[in-house]
1. Put His18, His292 in order of accessible area, largest first, 1.4 Å probe: what do you get?
2. Per the Kirkwood treatment, what hydrodynamic radius in Å, one decimal, follows for segment 93-181 from the mean inverse distance over all distinct Cα pairs?
3. What is the Å³ per residue value for the convex hull set by the Cα atoms of the chain?
4. Filter the chain for me: DSSP H helices, axial length by Cα at least 24 angstrom, mean Kyte-Doolittle hydropathy not below 0.5. List them by residue number.
5. If you average 1/r over all unlike Cα pairs in segment 149-238 and invert the result, what Kirkwood radius do you get in angstrom?
6. Report, as a whole number in µm² per second, the diffusion coefficient that Stokes-Einstein gives for segment 1-84 at 37 °C and 0.692 mPa s using the Kirkwood radius over alpha carbon pairs.
7. What are the residues whose amide H is under 5 Å from the amide H of Val127, where those residues sit 5 or more places off or on another chain and H is modelled from the backbone?
8. Could you tell me which trypsin sites (Lys or Arg not before Pro) in segment 295-401 are loop residues by DSSP with no more than 16 other beta carbons within 10 angstrom of their beta carbon?
Amino acid sequence: MKPFYVTTPIYYVNDRPHIGTSYSTIAADVLARYHALRGQQTRFLTGLDEHGLKIARVAESKGMSPQQFTDEMAGPFRDTWQLLHCQYDDFIRTTEPRHKVRAQMLWQRIAARGDIYLGAYEDWYCVGCETFYTEKDLLPGNLCPQHLKPVERVKESSYFFRLSAYTDKLLAYYEAHPDFVKPSGRFNEVKSFVREGLRDLSLSRTSFRWGIPVPSDPEHVMYVWFDALTNYMSALGGPSEPGEAPLYDRFWPPHGDVVHIVGKDILRFHAVYWPAFLLAAGIEPPSQIWAHGWLTVNGQKMSKSLGNFLAPEPLVDAFGVDVLRYYLMRDIAFGQDGDFSHENLLARLNGELANGLGNLLNRVLVSIVQKNLGGRVPAPNPSTRTAEDDELEAAALRCCKSAAEHLDQVAPQRALEAIWELVGAGNRYVDRTEPWALAKRGESARLGHVVYQVLETLRMVGVMITPFMPLKAAELRQQLGLDPLLHTQGLDLWPSVFGALAPDTQTRPGAALFPRFDKDQSQAALQKLGVAKAPETPQKTKARPMTTEATRKETEPAAQSGDASPFIEFDDFTKVDLRVARVLACEKVPKSEKLLKLSVDAGDGAPRQILSGIAQHYAPEQLVGKQVVIVANLKPRKMMGLESHGMVLSASDETGLFVTTIAGDVKPGSGVK
Ligand code: MSP
């Protein structure tokens, strides 16, 4: 088998690690641990993307030099990955000399082959995603389609990469490498993007200094994505000539298999620009780019303005690192978007982990082996075999094989499904064979066999969960009396035969592997994490309940005035000009906690300004692009010195405030009835 090299994106240092970045890093760690367990030479790289305008600006806002700032931020990343037991082999920072030198070499190689030329760039740039945009890519109001924030006009001298010359070459490369991008749906998106034709790419900037100098022209710094993508290679000592950098020789294709784990947001950079740069330099591209989905938290997008970035530390504190790793890999199909839900985590902890695996260990090891078998692994007794044994063994071999196949295909969720199929089969086997009854009846030969079967099943599960839950796997092995650590020494340790557990091994039962969280503990944990549901309170609605004249008379004192009918005439209703409006731009009103200033297209032929007191419930960018319902003919009103021409309708209860939106794509200005 080829050596295996897995990488995470290198993270921008402007944010601390959160559950999204943790997800990528844990996934890469699971893969690295799995391949190492298979006896493959394995290397796992993560690191930090430290250059570029975004970082320079954040550092400046903190009154620090960019280098001081990135030095300060590197610590928390390392600490978090350690806390999450992400055991990388190398941690690269793009400000390190070893990286700068190699990025410059890659540049020179491409330049020497003629695909870099000097020109001038004039277009738009989003600092948030460090990406160039043309007018047609932008949302109304010149907003970045990713960040929904205004882009900046850039006009400066720039080196360009001749990306346009790679349209056909990339398509041919994709054709010849059908597994280059995964999942395949995303590969199709990449191909359609390339088929539309590629424009040359601006590859350097002159208006700021925080980057790697272009080798032949240090007035320019390299485009931060060129710099960043090179990390995957520079960390191995490449590009280099054969014999110069042993890691590069061993792990980079064609000798090694390289898998880049990335979020879907940065697929284009990895699947289009990166292979194009490499083809231009005459270097083989990586073997595979795996784009996973995007995580929301309890149904909400994580964003700085909402301040709801979920940090992994409190979760580890509440549930333990392995439970968090298990949950992330089990609950979210790799490649698809998913939602982090504290409640689902608790359900999986109590269900699959405590009731499933923990219980299987406990009911046999503690209840039977200690009480009836002197704490030792019994010898199997094939003479007592029944169909149940055949079924369990077949399930074990089938599940081991399929879990491995899924991990080979980078489908951790399915691998865990397969492993838990075996846990289920083990529990069913115990239910059916009733070892406690065998003990009671003194059927020791059959009892020994049954217990052996279960302990062997647990041994196999213990190996397979190692990449996902290294600590719990070690604990499980320890309780079975085995060396808690698996020493591969280049051997494939994935279980493939049933019966490897040595009889007579002295077991060492310990604490419950996965203690259950009862209702109170769950509530307490959720409350500590700030996500507990408030105790039920009676509904408080703002709108007055509609009553008929008759019931009103019975239940309410008569109104003072004579025209107190709860009804309005249809004509009254038609006086209200309710319309669909599309939000073009939105920002907070300075010095106001509550007000947002919206610019909407309400079909008037020109944008209309509306002020709305919803700033505590919505981040401005959440509203851009939404179709809302407005009252268009309210008398204009001044608030904080700004005029509002209408009102956005919303509904609120104690859980929050929600703006009314229209589900379909209706023309702005359409009436609402
Ligand atoms: N620095 C670039 C990557 C350069 S790689 C040569 C970058 N950094 S980032 O800090 O913004 O991290 C992006 C990656 O973090 C995403 O691609 C994804 O892997 C991970 N995630 C960040 N937020 C996420 C979610 N909400 N959900 C899942 N993963 C997310 O882009």
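The values are calculated or read from the model by the stated rules, or taken from the named source; none is laboratory data. None of the values given here were measured: they were computed from a predicted structure. Cβ sites come from the backbone with ideal geometry, for glycine too, and all protein chains shown count toward neighbours. When the accessible area is computed, the model is the full protein with side chains, heavy atoms only, and any ligands, DNA or RNA have been set aside. Shrake-Rupley method; radii C 1.70, N 1.55, O 1.52, S 1.80 Å.
1. Ranking His18, His292 by accessible area, largest first, yields His18, His292.
2. Hydrodynamic radius (Kirkwood, Cα pairs) of segment 93-181 is 15.9 Å.
3. Looking at the chain, the number lands at 217 Å³ per residue.
4. Once both thresholds are applied, what remains is 19-37, 444-464.
5. 15.4
6. Answer from the Stokes-Einstein relation: 234 µm²/s.
7. When sequence neighbours closer than 5 places are left aside, the close amide H contacts are Glu152.
8. Lys301, Lys304, Arg385
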